[in-house]
Structure formats: structure tokens, C-alpha cells
1. In nm, to one decimal, how far is the modelled label at residue 195 from the one at residue 346, with both set 7 Å along Cα→Cβ?
2. Using a 10 Å cut-off on Cβ atoms, rank the peptides 123-129, 293-299 from the highest mean neighbour count down.
3. Semi-axes of the equivalent ellipsoid of segment 233-323: what are they in whole Å, largest first, if each equals the square root of 5 times a C-alpha gyration tensor eigenvalue?
4. I want to check the label-to-label distance for residue 287 and residue 170. Put each point 7 Å from Cα in the C-beta direction and report it in nm to one decimal.
5. Using 10 Å bins from zero, what percent of all Cα-Cα pairs in segment 251-403 falls into each bin?
6. With Cβ to Cβ distances under 9 Å as the rule, what net charge do the other residues near residue 92 carry (K, R +1; D, E -1)?
7. Cut-off 10 angstrom, C-alpha nodes, Gaussian network model of the chain. Which of 285, 179, 41 fluctuates the most?
8. Rounded to the nearest 500 deg cm²/dmol, what is the calculated helix-only ellipticity per residue at 222 nm for the chain, with -39500 (n - 2.57) per DSSP H run of length n ≥ 4?
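Derivation of every value follows stated rules applied to the coordinates shown; laboratory data play no part. Here the structure is a predicted model, which means the values were calculated and not measured. Cβ sites come from the backbone with ideal geometry, for glycine too, and all protein chains shown count toward neighbours.
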Amino acid sequence: MGAPLANIQVLEVDSFMAAPSAGAILADLGADVLKVEPTGGDPMRGLSRPLKGESKFAGYDFQFDVDNRGKRSVAIALDRPEGVALAQRLAERSHIFICNLLVHRQRRFGLDPDTLLKRRPDLVHATLTGYGTTGPEAWRPGYDVTAFFGRSGLYDAMREGKDGVVPQARPAQGDHAAGLALTTAILAALRLAEQTGEGQVVETSLYEAAVWTQASDFGITAVDKAPVRRRARHEALTPMTNRYPCGDGKWVVLNMLDSGAWERLCRAIGREDWLADERFQTGKGRYQNMAELVDGVDATLGQKTRDEWGAVFDEQGVIWGPVLGLHEVPSDPQAQSLGLFPSIEHPTLGPYPTVNAPMRFDRADVRPRGPAPELGEHTREVLAGIGLSAAEAQTLFDQGVVK
């Protein structure tokens, strides 16, 4: 089986998580991805949450690893003219260029589309920023908590009820959604470039990706301009689409919209008496008495564990899902069946699990291909690859242009 992007060269000038995550997917697809880092390293290096307990992997940066696995690293000082010249030479040899630099920084370093497409006319130039490259706030730096969750309305929509506090996002949720969007654009642009011989300039932003993830809401809100109604559990439209705690403190979520859902729920939890209660005969009646129903379901589900109720729900045809803890997911049989946590072999530390990109191929070699590189691990190799002698390379090292 071949890799879909075998023989495709990718050059990254980026940092943190969003744009690098797109590069990681391209590496999984078989591309040769070269990551250009400043001589001090990507600021994301060393920020990983420490492992709990004793482990041979103590100190290893797994968060950096996820978004940079399978790449090569070259450390270049782009604030030096010699460094800019090196980056441009590398771009000439690449099919795809990925960056998360704001427009003025792209121009400052000579890595903007106009400059690079003159040097390589069929290049795919891909940019991922916080707020886009045009408009009154194209200059603004953005992270996923500010541009993806905050500016897009997602944080506000996720608040519990009318006055609920703004929730806390987990690391890089928005980054990885935007990375998938950028990957899609890159692959489409690559096909066009191969067909026409003409380069393509593509971009996305954390802000745009967040709006797309909420397209179902915005399809309405963009028309009526009305605030989204945030409903607490006791204000739900129906008891069949809600979240409930079980007797072991673990939660389940129900989502049933068909006409027989109310009866199935009542029979599953042993509350057939509700079927005869006049207050609950219609959807309107259940909505008007929602607080009592939610309290009743809470009390009933509190009599058994989540897994015990899961067996009952499956038997009764209730559409439900467990609210798993993050630590439970790697051992979830469904996750294991889908291969969500494949293994990477580290040359000195041995094997460890990573996280698969959300795609599987039946007849292609798509997989994580190795750990993230050390800072500048491949600098000498890369310099030799573009024709520099060992003496010329050493001069650049001595001058601090590369590391």
C-alpha cells in the first residue's frame, strides 16, 4: 500500500498547535514535512502537561508530539537575511508551504504568497491565522480560546442557562478543528496545482472554523439576528434530549426525537405511571412540567450505575451515550476497534500511544510515522540537501543563523 502524499514536500513556518496540526496530518498521509523553527524553538515546546506517576516518559512533551509527529526540524533565524534566504530556498523545493504568520510578518520575512509564487509558480501557499488575512482585525493575534471560542459566540452558546458562567475549553480543540479545515483546503489546492501547473493561495482562520462548527445555529441566527436561547437542564425542550447523572456519579446523555421516544424512556426507567399522567401526555405538557420530570429522571437513574443503565437502555431501544472521562476513552472498546490510539516507536524511549487523525483508509498507508523531531535535529541534513557544503553549513551555525 502506498501513501497518498508520497513524494510531496511540505515546508512549515509555524508554531503552537493549529497550523502544525495540519502538517501532522499531511505527514500521516505520507508527505515529507519540514518544520522551520526559530533557533529558540517553537514556543509550544516544553509546555506539555507533566505525566502523573513514575514513567520512563517523564519529561517527554506529548502535546508537542501530537502536532509535530513524523516531521523533520530545521532551526533558522528568520530575523537574519541569511535565514530568510534559506527559508526561501526551501520553499522553492516544496509543493506546499504552511504558515501561521500574520500578513505583515509574511512580508517582513519574504514568505508572502507573491514572493514565494514568483520563486515556485505551482506552490500551494496555505495560511492559518486567528481572524483571517483581510478585514479590520487581520492584524490581531489569536488563539483558540479567543478567536475560536470567544469571538465566534461558541463560549456564550455553551453557557448553562441564562446566567451560566463561561465554560473552559480543553487545550487545542479549536486549533485542531481549524487544522482540519486547512488540510481540506490544501488537498483541494494541491489537486488544482497538479492539474493546471498554477499555484494556489488558500487560508482559513480559527474564527472561520468556529463559525462553521456552529453552522446549524448560524443558519438561523444569521437570518433572524436573535440571541440563542441557552437552556439549563431543567429548561430543556424535552426530557428525551438531556443529560442525567447516574448512581455512581457518572452521566449519560439521551437524544431521542421520534414519536415513540417518550414511551420508550418511561418503560426503560420503570416510570410507566408517567404515561397515564395527564400533565405529561403531550410535548407541551412535558415542557411545562420539565423541572419535575428532570428531577424524577435524576432520582430514578440515581438507583443504578451508568453501565447498568446502559444495558437497560440498549435493551429498550433508548438512544443514549455515556459521558466518558477523557481518561476512559483510550480503553473504550469502540475507540480500540477504530484504532484511535495507534502506537509510535520512539528510538530511545520505545513505543507509546498517540492520537489518530479522524480518517481511515482501506487501501493506503496512512499512519503516524514517528515522533516529533528534536529542535534542529535535521538542520545539517537539510542544508546539505540544498547544496551547502559542510564548511558553508558550519559558518551558518557559527553565526547563529541556524541551529
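1. Taking the two extended label points, one gets 4.4 nm.
2. 123-129, 293-299
3. Values: eigenvalues 77, 37, 29 Å².
One finds semi-axes of 20, 14, 12 Å for segment 233-323.
4. If labels sit at residue 287 and residue 170, their model points lie 3.3 nm apart.
5. Calculated over all Cα pairs of segment 251-403, the distribution is 8, 23, 17, 15, 13, 9, 8, 6, 1 percent.
6. Residues near residue 92 contribute +4 overall.
7. 285
8. Rounded to the nearest 500, the figure is -10500 deg cm²/dmol.
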